[in-house]
Structure formats: C-alpha cells, structure tokens
Amino acid sequence: MKLAGRISKIKSEGYERYLKIDFDDKSLGSLWFYFVDCDQYAENEDEQGILRIGQKVKVVPSIEWVNTYTKVNSSEETVLKQPIQESPHVEAIALVTQIIDEDTIVCDLGTLSQITIELEKKADSIRVGDKIKFTGNLKAEIL
C-alpha cells in the first residue's frame, strides 16, 4: 500500500525522524511515523535532515516492534489509534489477510489495508481470517 501526503511536522532523535504526515486521502487524516535517516545524525530535535516540512511524500507504511498480540472476537471493529501525542506508537485491531513467514503478517486495518506487521515473536497461533489486537510503532518507507 502506497500513501501520498505532505509532511506537516518533523521531530529528530539521532538518526530517527518522527514525521506527521497529512494524507491526500482525507479519510486517513494525519498519522505519525518513524523513519530512519542513515545519512544525517541530528544533534537536536529540530534538525530535519533530508526531509522538509511541507514536502510531498509517498510512503509505504508498516508496523514494527509488535511484542505481544491477542486474538479478539471476529465482531470487533478494525481500528488504528495513536494515543500518545507526537508518537508513532499505535494500538490496533486488525484482520489478518496473509501470513508471510513466522514473524511477518499482512493485515487490514480498515483505512489502512494490506499493511505489513513485523512481530517480535513467532506467529504460530495466528491464522488468515483472525482478528488480533496489538501495539507497535508505525514506520514509513519513503519512496
């Protein structure tokens, strides 16, 4: 899934950037992502590196650092929340649509479909069609 939008805020920490992206598709609204800028180490949080506020970008989103997950009832609504202000942290309920390998799955989150989820532990009990609840971090691959 590729998403287009405009960077509205950037925070920096070392090589990591935290980006707020306002999407062209207004149903997506705005989301915070993390992005690793291997070319520039930021000494303070206001340094922007290769990206600029107002810059149009295309991103492929994924969710990483999912340490735990639980299966939930199939009647639960798919959801993606970012409860921590200015953070890529997410809380989600997702429908599993594909299992790539023992620690990588693809899910539908409603507004974000076919998003790759990287699990920190084996997905041996997850099956296609399951709904799972988890927390993780939303990552952007900048195209």
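The numbers here are math on the coordinates, done by the rules we state, and not lab data. On a predicted model such as this, the values are computed, not experimentally measured, just so you know. Positions of Cβ are generated from backbone atoms using ideal geometry, with glycine treated the same way; all protein chains shown enter the neighbour counts.
The lysines within cross-link reach of Lys20, meaning a Cα-to-Cα straight distance under 19 Å and a gap of 8 or more places when in the same chain, are Lys2, Lys9, Lys11, Lys56, Lys58, Lys81, Lys139. Relative contact order for segment 45-107: 17 percent, from Cα pairs under 8 Å spaced at least 6 residues apart, divided by residue count. Taking a sphere under 12 Å around the Cβ of Gln98 and counting the other residues whose Cβ falls inside, with K and R at +1 and D and E at -1, yields a net charge of -2. Full extension of the segment from Gln55 to Ile84, taken as 0.36 nm per residue of separation minus the current Cα-Cα distance, would add 8.0 nm. Remark: spin-label model distance Thr97-Glu118 equals 2.1 nm, labels positioned 7 Å along the Cα→Cβ axis. Near Ala140, once Lys and Arg are set to +1 and Asp and Glu to -1 for all other residues with Cβ below 10 Å from its Cβ, the sum equals +2.
What's the extension gain from Lys133 to Lys26 if we count 0.36 nm per residue and subtract their Cα-Cα distance?
36.0 nm
What the Cβ-Cβ distance of Thr68 and Cys38 gives, at R0 = 25 Å and to the nearest 0.05, is a FRET efficiency of 0.30.
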